[in-house]
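*Asks:* Let me begin by handing over the structure; questions about it come next.
Bear in mind that the values in this text are calculations on the coordinates, not laboratory data. Everything numeric in this text was worked out from a predicted model, so none of it was measured. Counting neighbours? That spans all protein chains shown, and the Cβs are built from the backbone with ideal geometry, glycine included.
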Amino acid sequence: MKARVFSGVQPSGNLHIGNYLGALKSWVKIQYDYECIYCIVDLHAITVPQEPAELRKKIRETAALFLASGIDPKHSIVMVQSSVPEHAELSWMLTCVTPVGWLQRMTQFKAKSEAQETVGDGLLQYPVLMAADILLYQAAIVPVGDDQSQHLELTRDVAQRFNSLYGETFVVPETHLPTVGARIMGLDDPEAKMSKSAPGSGHAIALLDPPDVIRKKIMRATTDSKPAVEFGALGAGVQNLLGIFQAFSEWSDDQMQSHFDGMRYGDLKKQVAQMVVEKLAPLQQRYREITEEAGYIDGVLAEGAARVEPIARSTVNLVKQRMGLYTQS
Ligand code: TRP
């Protein structure tokens, strides 16, 4: 039997090339080697205030981008978290075995709660819900970026704690996948990971940005005071541009070096922009086709939910039995 993979993305904004090169592209690559469940985590999104109409739109947009990136819904499961009620159900049960101190220590909780006027309890529970997402499907592998490794460690701790309190119940998931994606930094600030929420139009390249916007953003990207690429001493901005080119082109290190060493920054940027435009074109084309077909996305999401429902139900029933909750036998 193939090992099960689970991963999730928040429907909180325009997915960008950092999401694609860091996650989606490898999700697509591994989809026939594992049994993959890719989830749009709308219950996580509401841990901070959301505009309902926007959220509703972004959920479908995110699903369409998954498919446009090459996730094959005939094979992989694409689903929305809130359409399978067991995520919330299991989350409560896990909340009851999670020490609150573990949650208060999470760096993302500290960072996100500082930015809120009123901190909803959901923000504290966020990692427990993420543990529920993963443990619900007994996923063995969870491909996520390093910004999520603390949450994944907590998932493992919660699974182990539950298993020791109530007997072997959950698979303890692995943090890493053999193939790791590229880490793409902000164009305006190459010290910070490219992010959906960073302000400023020069920060990220959205997957649906038209060619002229892509070119403009890359031409304006931060480099350094040198005139040309010097492989012995790459600044963070130039390294990031080269990283974007290499991740899209899949060129070897040698190829990269012999092609780009000594190239002036202006030419480097033109070539990076051209590569990004070319590689995103088929994705954007598929996105248009997918979204033009009325009801297609909803159909895929309904099928995804139906496919995972029996797995989710059986885990929750097992947990109820283990904990002594009421079940009809
Ligand atoms: N917290 C993750 C993020 O913001 C999203 C997420 C929710 C997730 N549940 C998950 C990722 C389960 C992997 C597995 O990126």
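*Asks:* Hand me the tally of lysine pairs in region 211-290: alpha carbons under 15 angstrom apart, and the pair either on different chains or 8 or more positions apart. Spell out each step's value before the answer.
*Replies:* Details: Lys216/Lys269; Lys216/Lys270; Lys217/Lys269; Lys217/Lys270; Lys226/Lys269; Lys270/Lys279.
Here the count comes out as 6.
*Asks:* To the nearest 500 deg cm²/dmol, what mean residue ellipticity at 222 nm is calculated for the chain from DSSP H runs of n ≥ 4 alone, each contributing -39,500 (n - 2.57), summed and divided by the residues? Don't skip to the end; give the middle numbers.
*Replies:* Numbers: 13 runs with 171 residues, N = 329.
Helices in the chain give a 222 nm mean residue ellipticity of -16500 deg cm²/dmol.
*Asks:* Shifting gears a bit: What does the convex hull of the alpha-carbon atoms of region 51-187 project to on average, in nm²? All intermediate terms of the calculation are to be shown ahead of the outcome.
*Replies:* Details: hull surface 42.1 nm².
Value for region 51-187: 10.5 nm².
*Asks:* Working from the alpha-carbon coordinates of region 211-290, get Rg over Rh, Rh being the Kirkwood radius.
*Replies:* Values: Rg = 13.4 Å, Rh = 13.2 Å.
Rounded to two decimals, Rg over Rh is 1.02.
*Asks:* Quick one: net charge around Gln150, please, counting Lys, Arg +1 and Asp, Glu -1 for every other residue with C-beta under 12 Å from its C-beta.
*Replies:* On the way: positive: Arg105, Lys110, Arg156; negative: Asp146, Asp147, Glu153, Asp157.
My count for the surroundings of Gln150 gives -1.
*Asks:* While we're on this one: With all distinct Cα pairs included, what does the Kirkwood hydrodynamic radius of region 35-125 come out to in Å, to one decimal, could you say? Each step should come with its number before you reach the end.
*Replies:* On the way: mean 1/r = 0.0661 Å⁻¹.
Here the Kirkwood hydrodynamic radius works out to 15.1 Å.
*Asks:* When the chain is treated as a GNM, springs tying every alpha-carbon pair under 10 Å, which of Ala273, Ala281, Ala115 comes out with the largest mean-square fluctuation?
*Replies:* Ala115
*Asks:* In straight Cα distance, which lysines are under 25 Å from Lys112, not counting same-chain residues fewer than 8 positions off?
*Replies:* Candidates past the 8-residue exclusion: Lys57, Lys58, Lys193, Lys196.
*Asks:* For the chain, report the translational diffusion coefficient in µm²/s to the nearest whole number, using Stokes-Einstein at 37 °C, 0.692 mPa s, and a Kirkwood Rh over Cα pairs. Write down the numbers at each step before the final one.
*Replies:* On the way: Rh = 21.2 Å.
Here the translational diffusion coefficient equals 155 µm²/s.
*Asks:* Sorting Asp224, Asp253 on the 10 Å Cβ count, fewest up front, what's the list?
*Replies:* On the way: Asp224 14, Asp253 9.
In increasing order of surrounding Cβ atoms, one gets Asp253, Asp224.
*Asks:* If you don't mind, another one. Got the relative contact order for the chain handy, in percent, Cα pairs under 8 Å and 6 or more residues apart? Intermediate results must be reported in sequence, preceding the final value.
*Replies:* On the way: 458 pairs, mean separation 73.7, N = 329.
Relative contact order here is 22 percent.
*Asks:* Quick one: which residues, 5+ away or cross-chain, put their amide H under 5 Å from the amide H of Met185? H built at 1.01 Å from N.
*Replies:* Met194
*Asks:* Among 154-162, 59-67, what's the highest-first ranking by average C-beta atoms within 10 angstrom per residue? Present the calculation step by step, with values, prior to reporting the outcome.
*Replies:* Working: 154-162: 19.7, 59-67: 23.0.
Peptide ranking by packing, descending: 59-67, 154-162.
*Asks:* Could you work out how far the C-alpha centroid of region 209-235 sits from that of region 286-310, in angstrom?
*Replies:* Result: 37 Å between the Cα centres.
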